[in-house]
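The values are calculated or read from the model by the stated rules, or taken from the named source; none is laboratory data. These numbers come from a predicted model, not from an experiment. Neighbour counts run over all protein chains shown; Cβ positions are idealised from the backbone, glycine included.
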Amino acid sequence: MAKISLAYGRGQVELEVPDHQLKGIYAPHERPGVPDVAAEVRRALQVPLGTEPLSRLARGKRRAVLVVDDATRAVPNSQILPPLLAELQAAGLKENQISVLVARGLHRRSTPAELRATLGEYAHRIKISNHEPDDPQQLVFLGRTRLGTNVYLNKEFLRADLKILVGDVEYHQFAGYGGGAKSVYPGLADRESIRLSHSRLDLPGTGPGRLQGNPVREEIDEVGRMAGVDFGLNVVLNSRNQVVRAFAGDLMGAFQAAVQLCDEIYKVQVPCRVGMVIASAGGYPKDIDLYQAQKALEGATRLVRKGGKVILLAECREGHGSPVCYEWMSAARTLEDIFHRIREAFVMGGHKAYQLARELAWAKVYLLSAMEPELVRKFFLHPLQGTAETEQIIRAEREIAVLPQATSTLILPDADGARNEEQLEKTSLGQ
C-alpha cells in the first residue's frame, strides 16, 4: 500500500492506495520558499523590470494606492507589504497618503480581522478597505474596451497618482493566469463589466496557461494599461504557499517574469489518462468553499478518462460559497438544464454551476468535505464521509493517478491523453 498525504483545509488527509493501482503522482516541480520574504521583496524592488525603482517613482507623489488580493488567495501580504510601505515612506509619502484596497471583484468582503492581518505591523496605521463593485459612489467610468465592455473602476484607485498592484501569479481557468492587471479588472471593477468578462470564458483561446490570443486576458491587460498602473509586485508561491521569488517592475514586465517561473513549477506532463483521479484542491484557502474548490476539477478532468471517476478532497469550511450557484444546481434536474439556462442568460454564480456541470458531464465526482451530504448532493456530487469510505471506492478502481495540487497544476497530456474537443463543444456556451 502507498500512503499518500493530501492537503485538506489547514491539515492533511492520509489515504492508502494499492501499489499496483497507482499509475502516478503528478505534483508540481517543487521549489523551496525563500527564508525571508521581506528581504526577497526588497531585493526585487532594487532590480525592477522595465521601469525606474519604486523609490524614484514615488518621489513627489501625493497619493499612493496599493491593491492586494482577497482572502481566497494565499498571498502572504502581511510579510510583503511592510517593505513596500517602508519604501514609499522613505520616498517621502506619509502614512495618511497611502491606502490599501482589497481587489475582491465579486467575492465576499474581507472581514475586519482579515483586513488587519493583511497589513501586518501597519495594521492600525494604514487605511485598508474592500472594493465595492455595486456602489456607484465608489466607481468612475474608465472607458470602453476593444471587446465593447464599458468599464467602471474604483474611484479611489483611479484618482491616486501612484498605483501599485500586489499579487501572486497562478493559473486561471479561462484568463490564463491570475496576477498582473487582473487585480484591477475584474478586481476593482463594477458588477456588469465583471459579468461580461466572465461571460467570455468559452471563447477560442481561453484556458489555463494561455496568454497569446486569449481574449479575456488581453482585455484584462488592456484595462490595466487604460487605468495607468505604475508598478507591480508579483510573487510565485510553492505548494506550501511559500514565496519562491518576487518580481517587481512595470505592469507587464513583473507579470511576465512571474508567468515564466509559474510554468516551470506547475506545468506537468502526463503520459495518458486514467480511470480515476484523486485530487486535492490544495488546502486552505484553495478549498475555502466549493466555489473555489471547483477549480481543482479543471486539472482532474484533464487527466481522467471520459466517464471515469474523480475523488476531490476539499474541506469547504465556508460551505458552497455562492447562493446563485446553489440555486442553479438545486433547480436543475439534469446537467443539461444548467447548460440550457446559461445559454439563455449568463449570470455570475450561474457560471460556476456551468463550469461544475461541464466537468460532471466528463466524469463522476466524489467529494470528501465538511459539507453536509444532502448539500453535496444538491451539486450533483457524491458525498464521502471519511477515509474508510473513500478507500473502499479507491480499491475498486484499476488505474489511479493522484494530483496533490490540482488547482495549481496545469496537466499537459500527450496526444493520446488530450481532451476530446468535440465532447467539449457539446457543452460550450456557444452551443
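Quick look at the numbers
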item	result
Residue in the range 87-103 that is assigned to a helix (DSSP H, G or I) and under 26 Å from GLN256 (Cα atoms) present	yes
The range 18-28, residues that are under 19 Å from CYS272 (Cα atoms), of a type outside the set (Asp, Glu) and touching a strand residue (DSSP E or B) at 6+ places or on another chain (Cβ under 9 Å)	GLN21, LEU22, LYS23, GLY24, ILE25, TYR26, ALA27, PRO28
From VAL376, VAL347, residue being buried (at least 18 other Cβ atoms within 10 Å of the Cβ), aliphatic (A, V, I, L, M) and without any contact (Cβ under 8 Å) to a residue 24 or more places away in the chain	VAL376
From PRO204, PRO186, residue being outside any helix (DSSP H, G or I) and free of Cβ contacts under 8 Å to residues at least 60 places away in the same chain	PRO204
Residue in the range 364-386 that is of a type in the set (Gly, Ala, Ser) and part of a strand (DSSP E or B) present	no
Contacts under 8 angstrom Cβ, first residue in the range 221-241 being more than 18 Å from GLY253 (Cβ to Cβ), partner in a helix (DSSP H, G or I) and at pLDDT 95 or above, 6 or more apart	ASN238/ILE265
The range 1-43 - residue that is within 22 Å of VAL75 (Cβ to Cβ) and small (Gly, Ala, Ser) and, of those, surrounded by the most Cβ atoms within 10 Å (Cβ to Cβ)	ALA7
Filter result (under 24 Å from GLY283 (Cβ atoms) and either basic (Lys, Arg) or assigned to a loop (DSSP other than H, G, I, E, B) (or both)) within the range 13-47	LYS23, TYR26, ALA27, PRO28, HIS29, GLU30, ARG31, PRO32, GLY33, VAL34, PRO35, ASP36
Checking LEU211 against (1) hydrophobic (A, V, I, L, M, F, W, C); (2) surrounded by fewer than 24 Cβ atoms within 10 Å (Cβ to Cβ); (3) within 30 Å of ARG341 (Cβ to Cβ), the condition it does not meet	(3)
Single match in GLY105, GLY148, GLY143 (criterion: buried (at least 19 other Cβ atoms within 10 Å of the Cβ) and either β-branched (Val, Ile, Thr) or within 29 Å of GLY213 (Cβ to Cβ) (or both))	GLY105
Test: ALA401 is without any contact (Cβ under 8 Å) to a residue 40 or more places away in the chain and closer than 28 Å to VAL268 by Cα	no
Tally, over the range 297-335, of residues that are assigned to a helix (DSSP H, G or I) and within 17 Å of the chain's Cα centre (by Cα)	4
Verdict on ALA113 being free of Cβ contacts under 8 Å to residues at least 12 places away in the same chain, among the aliphatic types (A, V, I, L, M), outside any loop (DSSP other than H, G, I, E, B) and over 23 Å from ASN154 (Cβ atoms)	no
Residue count for the range 218-234, restricted to those that are more than 18 Å from the chain's Cα centre (by Cα) and farther than 26 Å from PRO53 by Cβ	1
Selected residue (criterion: surrounded by the fewest Cβ atoms within 10 Å (Cβ to Cβ)) from residues of the range 48-81 that are of a type in the set (Gly, Ala, Ser) and assigned to a loop (DSSP other than H, G, I, E, B)	GLY60
Pick from the range 223-276, criterion of a type in the set (D, E, K, R), surrounded by fewer than 22 Cβ atoms within 10 Å (Cβ to Cβ) and in contact with a Leu (Cβ under 9 Å, 6 or more places away or on another chain), ranking: nearest to PRO413 (Cα to Cα)	LYS267
Breaking point among (1) free of Cβ contacts under 8 Å to residues at least 40 places away in the same chain; (2) of a type in the set (D, E, K, R); (3) surrounded by 16 or more Cβ atoms within 10 Å (Cβ to Cβ), for GLU95	(3)
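To keep it simple, each residue is scored yes or no on (1) assigned by TED's automatic domain parsing to the domain that holds THR390; (2) of a type in the set (S, T, N, Q).
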| position | (1), (2) |
| --- | --- |
| LEU6 | yes, no |
| GLY11 | yes, no |
| VAL41 | no, no |
| THR51 | no, yes |
| VAL65 | no, no |
| PRO82 | no, no |
| GLN89 | no, yes |
| VAL102 | no, no |
